[in-house]
Amino acid sequence: MGLLGPNGSGKSTALRTVAGLLVPTVGNCRVVGVEAVSPAARAVTGYLPESPRFPERLTGAEVVHYYAGLSGLPAAQAPHRAGRVLARVGLAAAATRRVRYYTKGMMQRLGLAQALVHDPKILILDEPTSGVDPQGLADMLEIFRQLKLAGRTLLLSSHLLDQVGEICDRIAILAKGRVLFTGSPAELTERRNDREGFTTEPMSEACRQELAEWLRARGHSLQEAEDRPLRLDRAYLERLRDAGLEERGEP
Ligand SMILES: Nc1ncnc2c1ncn2[C@@H]1O[C@H](COP(=O)(O)OP(=O)(O)O)[C@@H](O)[C@H]1O
Ligand SMILES: [Mg+2]
């Protein structure tokens, strides 16, 4: 499931609540049937924060080791699991390097490694691909696909709408703390017929001319015919605009 929304709409807050790091003042948040703040929930969730920071003096392997312990993984299993997960995110060669020398992209990879080390059922990823280079992005998306195939649940926020559309079965749009839309990417991009236009299956040029004539005979004109699928990012911006919540840098 992908969480979309302008900056400040509450995505990170929602994800932190699901990760059990924030306790809601109103309502409650349950994960696999238990309170999100409970150790039982912590054991089945992995969390990648928005800008992961780790103690700079530790090596990548030590960081993952440490987080393995926090998520309740038995100490005997930790070194093996840490090694495997670091290889999976492409940090095997950098495992013994201190985090101080990691690039932003490597920090994201390390953040993903610590979230994955205990093989959680649910992964909570806050803008996982931010600051990651194109190769890193492709690697990450491949890992997400594999996790999905393996039956894991991914709950992620992102501004990369096309990637979200490709990976997510469901999308929620948040704006000012409220859910504007939930549904599949296809449902989000489904064009609605309105006064300005309508959508058809792709049509031939001959067919288009026929349509123009049909309209002309009835006092209308075909003003614009566009031959492209509605992109997810445009559909998303249209939803915000319809709700009067355009993303224009307002507080
Ligand atoms: N449900 C909420 N109740 C109260 N404050 C909230 C809520 N959701 C978000 N906020 C506040 O709004 C601000 C932005 O939220 P954040 O989750 O960081 O947004 P985003 O990750 O979408 O940019 C934060 O200061 C946060 O404390
Ligand atoms: Mg955020």
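The values are calculated or read from the model by the stated rules, or taken from the named source; none is laboratory data. Source: prediction; values computed, not measured. Using ideal geometry, Cβ is built from the backbone for each residue, glycine included, and neighbour counts are taken over all protein chains shown. Each accessible area value is taken on the protein alone, full model and side chains, heavy atoms only, with ligands, DNA and RNA left out. Shrake-Rupley method; radii C 1.70, N 1.55, O 1.52, S 1.80 Å.
The long axis of helix 78-88 is offset from the longest Cα principal axis of the chain by roughly 30 degrees.
If you put +1 on each Lys and Arg Cβ and -1 on each Asp and Glu Cβ, how big is the dipole of the chain around its Cα centre, in Debye rounded to 20?
Values: 33 positive and 30 negative charges, 247 e Å.
About 1180 debye.
Using Cα atoms only, what is the angle between the long axis of helix 60-70 and the major principal axis of the chain, expressed in degrees (0 to 90) to the nearest 10? Helix 60-70 and the main axis of the chain meet at about 90 degrees.
Above 23 Å, the calculated P(r) of region 1-123 contains 34 percent of its Cα-Cα pairs.
Counting other Cβ atoms within 10 Å, which trypsin sites (Lys or Arg not before Pro) in region 29-136 have at most 14 and lie in a DSSP loop? Counting only loop positions with at most 14 other Cβ atoms within 10 Å, the trypsin sites (Lys or Arg not before Pro) in region 29-136 are Arg53, Arg57, Arg97, Lys121.
Counting only residues at least eight positions apart within a chain, or on another chain, the aspartates and glutamates with an alpha carbon under 20 Å from that of Lys148 are Asp119, Asp126, Glu127, Asp139, Asp162, Glu166, Asp169. Summed over the residues of region 2-183 and divided among them, the accessible surface reaches 49 Å² per residue at a probe radius of 1.4 Å. Compared with the dominant Cα axis of the chain, that is its longest principal axis, helix 104-116 is turned about 70°.
Of the beta bridges in region 2-183, as assigned by DSSP with both residues counted there, near 35 percent are antiparallel. Here the peptides 62-69, 200-207, 178-185, 147-154 are ranked by packing, the mean other Cβ count within 10 Å, and the order with the highest first is 62-69, 178-185, 147-154, 200-207.
One equal scatterer on each Cα of the chain, no solvent, Debye formula: the resulting log10 I(q)/I(0) at q = 0.07, 0.13, 0.14 Å⁻¹ is -0.32, -0.86, -0.96.
For the chain, the mean residue ellipticity at 222 nm estimated from helices alone is -11500 deg cm²/dmol, where every DSSP H run of n ≥ 4 contributes -39500 (n - 2.57) and the total is divided by all residues, rounded to the nearest 500.
With a 1.4 Å probe and all protein chains left in place, how much of the accessible area of region 2-183 comes from carbon and sulfur atoms, in whole percent? Write down the numbers at each step before the final one.
Numbers: 4890 of 8950 Å².
So the carbon and sulfur contribution to the accessible surface is 55 percent.
Bridgeable lysines around Lys176 (alpha carbons under 17 Å apart, same-chain partners fewer than 8 residues away excluded): Lys11.
What Kirkwood Rh does region 74-138 have if only Cα atoms enter the pairwise 1/r average? Answer in Å. Intermediate results must be reported in sequence, preceding the final value.
On the way: mean 1/r = 0.0805 Å⁻¹.
Answer for region 74-138: a Kirkwood hydrodynamic radius of 12.4 Å.
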